[in-house]
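A short worksheet on the structure shown next.
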Amino acid sequence: MAFGRIPRFSPSFSPREALLAARYLLRDGPDDEIVARWEQEFAEYIGARFAVMVPSARYGFYLLLKALGVGEGDEVIVPALTYFAIPAMVPLLGARPVFADVGLNSHVLDPEAFRAAITPRTKAVVPTHLFGTPCNMDAIRAIAREHGIQVIEDCAQSTGARYKGVRVGHLGDHAYYTFGLTKNITTLSGAMITTDDPKVAESVRTTIQAGGYTPKEKSVKEAVTGLAMWAATHPALYWATVHPAVVIGNKLGQDPIHERFGEAERRYDSLPASYLSQAKARGAQAAVGRRQLTRIEQLNGARMRNGKALDKALAHVDGLGVPCYPEGAEPIYMSFVVHHKDREGLAAELRKRGVDTTVGYMSAFADHPLFPEYKADCPNAAEAASQLLHLPVHPNLSRADLDHMVEAVRSACMALR
Ligand SMILES: Cc1ncc(COP(=O)(O)O)c(C=O)c1O
């Protein structure tokens, strides 16, 4: 990459996909046929019997819980390090989220913590394949089977990752995925659930079909945003657009990209009415998704090459904690997350060296003010949440970018000693 500036992310959406979206947004015909084709192709890719497109992963999760009859007095076990919207869905059904700890550097649900959190009221567990890392699914599935607990995989950050050769999403009973513009594959916006259970699929589909379509204007806005993101993170433009904004923002004490998403966290408990009234996907979303699916192995492959190179090069840097993975997990490196006691210092040192990082949006919710009545002792999640920093690992990094980044991390850690 030119000019030694490395963006924190770079979308998989490209001008070709923008043209494809435009074609479907401009035509008048019904959208259901192409959406059904995309759902079927996605189900085949995962190895599931049914796939249903939903407006967001959190709503998909909510509908899955509802289809399973989860309600008043029931408990759902979720990892303590996760995305705020997932535990926030559980109380909306009258049930209780129960937090279980994660592995410190694997960041995914610890099977023994899951076992310890089980009570006679436990109805479901949510192994979240966070940052693209599959959980230890042999252990989690065995414990769940022993206690008659439904396994709902959170694949929002891991579409296409494998565990012992099997794709995530086909390792439990049901699963959800999401395809926003910053994910490894995108449909502009929107998400998917998969299941082998015809009753569950039918229940989710019935609710979705009762809603209206995603408004065309929303899809147009998303396609334009996607194109703008593609252009702004392009090597020829990034140094002159986003990079100065991030540097100036940080000098003023704010990360402008992070702020936008922080706002969503403050509104954590809402299930927007738009999910209900605009539930059905557009042909444009399905057309982009179908094309992205033909590129997923290439996109994930590039992430995996970059992630493995970083694993190797950063394994022994003073003061730096590097990720580890459950045995049999084949991560897709949606994020490359390191730990440092002075992560703000590390981020600032890296910014000086032209590497943009983020603390991301994962919090340790067992002890979070958003969930005061669900406190639990989850020290690994708390430590990870206070120390983690995402390094760029997206498919558009060149070999020279990786070399530059490794050198920058090493010298930044030296400077912080
Ligand atoms: C791990 C995880 N789970 C769930 C979600 C929720 O996805 P959505 O925004 O589609 O509801 C996200 C969002 O990025 C996520 O990262």
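The values are calculated or read from the model by the stated rules, or taken from the named source; none is laboratory data. Keep in mind the model is a prediction, meaning the values are calculated, not measured. For neighbour counting, all protein chains shown are included, and Cβ atoms are generated from backbone atoms with ideal geometry for every residue, glycine included.
What number of residues within the range 113-151 satisfy the criterion of being surrounded by fewer than 20 Cβ atoms within 10 Å (Cβ to Cβ) and of a type in the set (S, T, N, Q)? Residues meeting the conditions: 1. For the range 302-346, a residue qualifies if it is in a strand (DSSP E or B) and either touching a Cys at 6+ places or on another chain (Cβ under 8 Å) or hydroxyl-bearing (Ser, Thr, Tyr) (or both), and exactly one does: ALA329.
Being assigned to a helix (DSSP H, G or I), aliphatic (A, V, I, L, M) and either within 17 Å of the chain's Cα centre (by Cα) or within 16 Å of the ligand (Cβ to nearest atom) (or both) is the requirement here; does LEU20 meet it? So that I can check it myself, show each step before the final result.
Numbers: assigned to a helix (DSSP H, G or I): yes; aliphatic (A, V, I, L, M): yes; either within 17 Å of the chain's Cα centre (by Cα) or within 16 Å of the ligand (Cβ to nearest atom) (or both): no.
Spelling it out, it is not the case that LEU20 is assigned to a helix (DSSP H, G or I), aliphatic (A, V, I, L, M) and either within 17 Å of the chain's Cα centre (by Cα) or within 16 Å of the ligand (Cβ to nearest atom) (or both).
Could you check, for the range 155-178, whether at least one of its residues is within 16 Å of the ligand (Cβ to nearest atom), without any contact (Cβ under 8 Å) to a residue 24 or more places away in the chain and under 13 Å from the mean Cα position of the chain (by Cα)? Scanning the range 155-178 turns up no residue that is within 16 Å of the ligand (Cβ to nearest atom), without any contact (Cβ under 8 Å) to a residue 24 or more places away in the chain and under 13 Å from the mean Cα position of the chain (by Cα). With respect to the conditions (1) out of contact with any helix residue (DSSP H, G or I) (no Cβ under 9 Å at 6 or more places or on another chain); (2) touching a residue at least 12 places away in the same chain (Cβ under 8 Å), GLU344 lacks only one, and its number is (2). For first residues located in the range 42-70 and on the phi < 0 side of the Ramachandran plot and assigned to a strand (DSSP E or B), partners that are basic (Lys, Arg) and away from the ligand (no atom under 12 Å from the Cβ) and lie 6+ apart or on another chain with Cβ distances below 9 Å form the pairs PHE50/ARG205; VAL52/ARG205; MET53/LYS280. Does THR225 count as within 16 Å of the ligand (Cβ to nearest atom) and surrounded by fewer than 18 Cβ atoms within 10 Å (Cβ to Cβ)? Taking the combined requirement at face value, the residue satisfies it. Among residues of the range 392-407 being hydrophobic (A, V, I, L, M, F, W, C) and over 18 Å from the mean Cα position of the chain (by Cα), the one that is farthest from TYR238 (Cα to Cα) is VAL406. Answer with yes or no whether PRO15 is over 23 Å from the mean Cα position of the chain (by Cα) and under 30 Å from HIS390 (Cα atoms). Here the answer is yes, as PRO15 does meet what is asked.
Which ones in the range 356-380 are crowded, with 16+ Cβ neighbours inside 10 Å and in contact with an Asp or Glu (Cβ under 9 Å, 6 or more places away or on another chain)?
In the first step, residues of the range 356-380 are kept if they are crowded, with 16+ Cβ neighbours inside 10 Å; the result is 356-360, 362-368, 371, 374, 376, 378, 380.
Residues satisfying the conditions are THR358, VAL359, SER363, ALA364, ALA366, ASP367, ALA376, CYS378, ASN380.
Answer with yes or no whether ASP342 is in contact with a Phe, Trp or Tyr (Cβ under 9 Å, 6 or more places away or on another chain) and at pLDDT 95 or above. Spell out the reasoning first.
Details: in contact with a Phe, Trp or Tyr (Cβ under 9 Å, 6 or more places away or on another chain): no; at pLDDT 95 or above: yes.
Criteria not met by ASP342.
When residues of the range 71-94 are filtered for being away from the ligand (no atom under 12 Å from the Cβ), touching a helix residue (DSSP H, G or I) at 6+ places or on another chain (Cβ under 6 Å) and part of a loop (DSSP other than H, G, I, E, B), how many remain? Before you say what the answer is, go through the steps one by one.
Keep residues of the range 71-94 that are away from the ligand (no atom under 12 Å from the Cβ), which gives 71-77, 80, 90-94.
Next, from what is left, pick out any that are touching a helix residue (DSSP H, G or I) at 6+ places or on another chain (Cβ under 6 Å): 71, 76-77, 80, 93.
Next, only the ones that are part of a loop (DSSP other than H, G, I, E, B) stay: 71, 80.
Of the residues in the range 71-94, 2 are away from the ligand (no atom under 12 Å from the Cβ), touching a helix residue (DSSP H, G or I) at 6+ places or on another chain (Cβ under 6 Å) and part of a loop (DSSP other than H, G, I, E, B).
Screening the candidates ILE257, ILE248 for the property of being part of a helix (DSSP H, G or I), at pLDDT below 95 and either aromatic (Phe, Trp, Tyr) or away from the ligand (no atom under 16 Å from the Cβ) (or both) yields one hit, ILE248. Pairing residues of the range 185-196 that are within 19 Å of ALA228 (Cα to Cα) and among the β-branched types (Val, Ile, Thr) with residues that are within 11 Å of the ligand (Cβ to nearest atom) and not in a strand (DSSP E or B), at Cβ distances under 8 Å and at least 6 apart in sequence or on separate chains, gives ILE185/PHE179; THR186/PHE179; THR186/GLY180; THR187/PHE179. Looking only at residues of the range 281-305 that are surrounded by 20 or more Cβ atoms within 10 Å (Cβ to Cβ) and of a type in the set (D, E, K, R), we find that the one that is farthest from LYS218 (Cα to Cα) is ARG303.
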